[in-house]
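Student: Mind looking over this structure? Questions follow.
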């Protein structure tokens, strides 16, 4: 017989290794421990939805600001309407 | 209790069903993990992890395969992940040792592994085989462990690994060829 077969055959008649008799108890206690640690999926969804909503709002505001043009913010617009901007030739004393 | 009822109870979170599955498949999972990681303490820890993962993800079990097949698959995946992490840490420790002032870390030098189920007269030869087995590619190692240690048929291994039966056959052929190549120096040394 080939020597390599001899080595490979060393596993013949091998018995299955047995786990600790306390495996079940350990698994169940580990499961309870992880269940306590885990946040409820409901809260994960709520947090994620809030974040997405916040991002979407920011995006909408950014797009709106872009459409208005870079120099026309509300304060400037009001100043221009009241004639308070620097370009206005009328001076108030 | 048939498997469908058992899975239904598991999905409901029935503690008795959990215990039943661990009692039924605990040794199979432990033995598979032990064959792959070759350390009793790590295998015990992994077996617990596997069952926790099984119960946490039981809702994603569709019943297309047998429950035992699914659990074997998780055991293989977790064990291989564990080995990858261990290898990464080992590599990092080796790099660290290149710098002066670092203490030598011997925790990664694996001692010879003696499987508790091997016959006494085969212990030494089996330890040599396990050492060579540790150097095989992941899929060959998994197929070999499932076939030799768990005595699964090629068809069952194919289901666990998600391969065709012919692919498993070819994996086993390559595993044996690689083992012969790896064990060659051992024979040459012992023949002289």
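Student: Taking only the alpha-carbon positions of chain B and ignoring solvent, what does the Debye formula give for the base-10 log of I(q)/I(0) at q = 0.11 Å⁻¹?
Tutor: The calculated log intensity ratios at q = 0.11 Å⁻¹ are -0.59.
Student: Oh, and also: With runs of 4+ DSSP H residues as the only contributors, calculate the mean residue ellipticity of chain B at 222 nm using -39,500 (n - 2.57) per run, divided by the residue total and rounded to the nearest 500.
Tutor: Working: 8 runs with 138 residues, N = 192.
Only helices count here, giving -24000 deg cm²/dmol.
Student: Can you give the convex hull volume of the alpha carbon atoms of segment B:113-192 per residue, in Å³?
Tutor: 91
Student: Measure nothing but the geometry: give the 0 to 90° angle between the long axis through the Cα atoms of B:67-97 and the longest principal axis through the Cα atoms of chain B, rounded to 10°.
Tutor: The two axes meet at around 30 degrees.
Student: Roughly how tilted is helix B:3-12, in degrees to the nearest 10 and between 0 and 90, from the longest Cα axis of chain B?
Tutor: Long axis of B:3-12 versus the principal axis of chain B: about 90 degrees.
Student: State, to one decimal in nm, how far the label point of residue B:87 lies from the label point of residue B:165, with both points 7 Å from Cα in the Cβ direction.
Tutor: Modelled inter-label distance: 3.1 nm.
Student: Could you list B:187, B:30, A:22, B:18 so that the one with the fewest beta carbons within 10 Å of its beta carbon is first and the one with the most is last?
Tutor: Placing the least packed residue first, the sequence is A:22, B:187, B:18, B:30.
Student: How would you rank B:115, B:147, B:41, B:57, going from fewest to most other Cβ atoms within 10 Å of each one's own Cβ?
Tutor: On the way: B:115 23, B:147 19, B:41 8, B:57 11.
Least crowded to most crowded, the residues run B:41, B:57, B:147, B:115.
Student: Inverting the mean 1/r over all pairs of different Cα atoms, compute the Kirkwood radius of the protein assembly as shown and quote it in Å.
Tutor: Its Kirkwood hydrodynamic radius stands at 23.7 Å.
Student: Could you list B:90, B:141 in order of exposure, starting from the residue whose Cβ has the fewest other Cβ atoms within 10 Å?
Tutor: Values: B:90 15, B:141 22.
Ranking B:90, B:141 by Cβ neighbours within 10 Å, fewest first, gives B:90, B:141.
Student: Taking Cα atoms, how many degrees apart are the long axis of helix B:165-191 and the longest axis of chain B, rounded to 10 and kept between 0 and 90?
Tutor: 30
Student: With chain B treated as a Gaussian network of Cα nodes joined by springs under 10 Å, which of B:127, B:47, B:75 yields the largest mean-square fluctuation?
Tutor: Looking only at B:127, B:47, B:75, the biggest GNM fluctuation is shown by B:127.
Student: At 0.36 nm per residue, and after removing the present C-alpha to C-alpha distance, how many nm does the segment from residue A:29 to residue A:62 gain when stretched out fully? Write out the running numbers ahead of the final one.
Tutor: Values: separation 33, 0.36 × 33 = 11.88 nm, distance 5.05 nm.
Residue separation times 0.36 nm, minus the Cα-Cα distance, leaves 6.8 nm.
Student: Averaging sequence separations of C-alpha pairs under 8 Å and six or more residues apart, then dividing by the length of segment B:19-172, give the relative contact order as a whole percent.
Tutor: With pairs under 8 Å counted, the relative contact order is 25 percent.
Values quoted throughout were computed directly from the atomic coordinates according to the rules given, and no laboratory measurement underlies them. Computed from a predicted model, the values in this text were never measured in an experiment. Note that we place each Cβ from the backbone using ideal geometry, even for glycine, and neighbour counts take in every protein chain shown.
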